[in-house]
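**Student:** Sharing a structure here in structure tokens format.
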Amino acid sequence: MNTTAVFSDYKFEFRAGQEEFSFGLFSGIRDWNLKSDYSWYPSTKHEIKFGANYTFHTFTPNNISATSGDVEFDFGDVVKLYAHEAAVYVNDVWNINERWQVVPGMRVSYFGQVGPFNRYVKDVTGRVTDTVSYSRGELVKSYFGPEPRLSTRFMIDEKSSIKAAFTQNYQYVHMATLSPIALPTDIWVPSSDLVKPQIGRQYALGYFRNLFHDVYETSVEVYYKKLHNQIEFTPGALPEDNINDNTDNNFVFGEGQSYGTELFLKKRKGKFNGWIGYTLSWTTRHFPDIEDDRTFYARYDRRHDISVVAIYELTPRWTLSSIFVYGSGNSITLPVARYLFEGNVVNVYGLRNDYRMPAYHRADISATLKGKPGKRFQSNWNFSVYNVYNRRNPYFIYFANKGSVADGTLKITAKQVSLFPILPSVTWNFKF
């Protein structure tokens with residue numbers, strides 16, 4: 001038996017300003033989680049795992065603040081949403097014979113949004129016509145989700161095998177992005193009476209082979225995932241649309257898919273080892289209410305993803321390592337034209353997620369000094385440098401205005417904001 005208690009508190013805040021005007025966006029999730037996992041070995045052919053977990057969520061989905069000089073705008077109280085999530089599972093690692101292994105499993109999950117909560121009811125014109133209030137702890141909406149999974153491995157010979165898997169998952173927490181804003185505006189929202197849980201069904205097939213007396217491990221895998229109940233903000237939605245309203249009143253719903261190929265090479269033995277991984281993938285979305293039913297790339301669609309890890313054991317106590325990662329840039333929506341309306345600049349946006357940010361890549365290096373073996377108190381020191389060549393990877397893009405519309409000197413320039421330059425660090429790990 002292994003029982004774990006977890007508390008986590010994620011907060012996101014973004015602030016920006018121009019001249020005397022400034023605004024901020026903030027959101028977050030706070031979780032209390034308790035889980036217990038069990039392993040049972042009824043025979044040499046079966047390893048049964050089962051367990052349960054429970055989480056209480058507190059969501060702060062999307063709140064804004066703004067000031068202009070000494071004037072502070074009132075956007076109402078901070079909105080919080082509450083929910084219970086629980087699950088039970090069981091799976092059996094069944095070794096049918098020396099070559100064939102089958103792992104069937106089932107997980108059943110539950111999600112329930114509870115009060116305090118106010119549901120703003122709108123008519124076809126978008127005007128609020130009624131408010132339904134729920135008291136603290138009162139159930140707003142609940143969902144149950146069956147999550148079957150099945151994987152199998154067949155050993156062709158001592159060096160190679162074929163693996164296949166099917167998994168169905170329910171995800172009750174959604175991520176939504178305000179597409180017209182080229183800023184980091186991802187927010188997390190729970191399933192509700194309007195937002196159904198996401199359902200993902202994934203199929204995978206792979207071939208694995210060891211080479212040169214198991215010194216090298218290689219594999220090639222293909223996968224396909226179908227995604228249901230995806231969410232996006234209504235085209236043209238802005239942060240202030242959530243004032244005196246529910247965030248999910250501004251959502252539209254659709255489907256998605258993700259597929260690709262993964263290649264992997266690993267050196268397992270010797271003083272010098274490491275691995276290379278490469279993924280070629282596509283992730284798309286399809287929403288009837290967005291862009292006349294046109295399929296578009298998801299924001300986090302990443303065509304190429306490369307990881308290279310090298311580890312060298314210099315002495316029994318000193319280990320050197322380096323990491324290089326590369327990923328295609330995120331998809332974004334950018335303006336393709338602008339016009340003046342009553343003295344203000346109005347952006348005309350192109351197709352959704354039709355542009356790419358620059359690629360992300362960086363290299364890290366580290367050295368680890370292990371403590372002397374044989375002692376009850378064990379420790380090690382790690383000296384590392386993150387982003388060793390100080391790559392300015394893109395975090396978001398914004399547009400800066402310079403000049404005036406009145407005298408015809410207005411210039412609008414796209415600028416990139418980057419985070420995390422070269423960062424040295426020292427870490428001390430210990431156990432007893």
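The values are calculated or read from the model by the stated rules, or taken from the named source; none is laboratory data. Note that the structure is predicted; figures quoted are calculated from it, not measured. Neighbour counts are summed over all protein chains in view; Cβ atoms, including those assigned to glycine, are modelled from backbone coordinates with ideal geometry. In case anyone asks, the SASA skips ligands and DNA or RNA and just uses the protein heavy atoms, side chains included. Shrake-Rupley method; radii C 1.70, N 1.55, O 1.52, S 1.80 Å.
**Student:** Hey, can you rank 293-306, 406-419, 40-53 by average C-beta count inside 10 Å, highest first?
**Tutor:** 293-306, 40-53, 406-419
**Student:** If the chain between VAL346 and ALA414 were fully stretched, how many nm would it gain, using 0.36 nm times the residue separation less the Cα-Cα distance?
**Tutor:** 22.9 nm
**Student:** Distance cut-off 24 Å, Cα to Cα: go down the list LYS372/LYS431; LYS196/LYS225; LYS267/LYS370; LYS49/LYS375 and report the pairs above it.
**Tutor:** Among LYS372/LYS431; LYS196/LYS225; LYS267/LYS370; LYS49/LYS375, the Cα-Cα distance tops 24 Å for LYS49/LYS375.
**Student:** If you don't mind, there's one more thing I want to ask. Given Cα positions, please report Rg to Rh for region 304-393, the hydrodynamic radius being the Kirkwood one.
**Tutor:** With Rh from the inverse mean 1/r over Cα pairs, Rg/Rh is 1.34.
**Student:** How much net charge surrounds ASP354 when only the other residues with a Cβ under 11 Å from the Cβ of ASP354 are counted, with Lys and Arg +1 and Asp and Glu -1?
**Tutor:** Neighbourhood net charge equals +2.
**Student:** State to the nearest 20 debye the size of the charge dipole of the chain about its Cα centre, where the only charges are +1 on K and R beta carbons and -1 on D and E beta carbons.
**Tutor:** 2460
**Student:** Could you give the length gained by full extension between ILE365 and LEU263, i.e. 0.36 nm per residue of separation minus their alpha carbon distance, to one decimal place?
**Tutor:** 34.3 nm
**Student:** Run the simple label-point estimate for ARG294 and TYR216 please: 7 Å along Cα→C-beta, distance reported in nm.
**Tutor:** Computed distance between label sites ARG294 and TYR216 equals 4.5 nm.
**Student:** So how strong a dipole does region 1-146 carry about its Cα centre when Lys and Arg Cβ are +1 and Asp and Glu Cβ are -1, to the nearest 20 debye?
**Tutor:** Dipole of region 1-146, to the nearest 20 debye: 740 debye.
**Student:** Given a 10 angstrom Cα cut-off, can you work out which residue in VAL348, VAL71, VAL388 is the most mobile in a GNM of the chain?
**Tutor:** It is VAL71.
**Student:** From the list (1) 22.5, 67; (2) 29.1, 117; (3) 25.8, 85, can you say which value of Rg and Dmax of the Cα atoms in Å was derived from the structure given?
**Tutor:** Calculated Rg and Dmax of the Cα atoms in Å: the matching label is (3).
**Student:** Under the classification rounded if a/c is under 1.5, otherwise prolate if a/b is larger than b/c and oblate if not, where does region 1-84 fall, given a ≥ b ≥ c as square roots of the Cα gyration tensor eigenvalues?
**Tutor:** prolate
**Student:** Tell me, how many Å apart are the Cα centres for region 1-45 and for region 364-432?
**Tutor:** Comparing the Cα centres of region 1-45 and region 364-432, I get a distance of 22 Å.
**Student:** Residues of the chain: accessible area per residue at 1.4 Å, in Å²?
**Tutor:** On a per-residue basis, 59 Å².
**Student:** Given N residues in region 122-207, what is Rg(Cα) / (2.2 N^0.38 Å)?
**Tutor:** Output field value: 1.78.
**Student:** Can you give the local net charge around GLY24? Use residues other than it whose beta-carbon is closer than 9 angstrom to its beta-carbon, Lys and Arg +1, Asp and Glu -1.
**Tutor:** 0
**Student:** Continuing with the same structure: Report in % the part of the accessible area of the chain that belongs to carbon and sulfur, leaving out ligands and nucleic acids; probe 1.4 Å.
**Tutor:** Its accessible area is 58 percent carbon and sulfur atoms.
**Student:** A further question on this structure: Which order do the peptides 186-197, 143-154 come out in when sorted by mean C-beta neighbours inside 10 angstrom, highest first?
**Tutor:** Ranking, from highest mean packing down: 186-197, 143-154.
**Student:** Sorting PHE56, PHE253, PHE12 by accessible area (1.4 Å probe), largest first, what list results?
**Tutor:** Ranking PHE56, PHE253, PHE12 by accessible area, largest first, yields PHE253, PHE56, PHE12.
**Student:** Same structure again: Through the Karplus equation 6.51 cos²θ - 1.76 cosθ + 1.60, θ set to phi - 60°, convert the phi angles of region 164-171 into ³J(HN,Hα) values in whole Hz; use x for Gly and Pro.
**Tutor:** Those phi angles translate into 9, 8, 10, 9, 10, 10, 9, 10 Hz.
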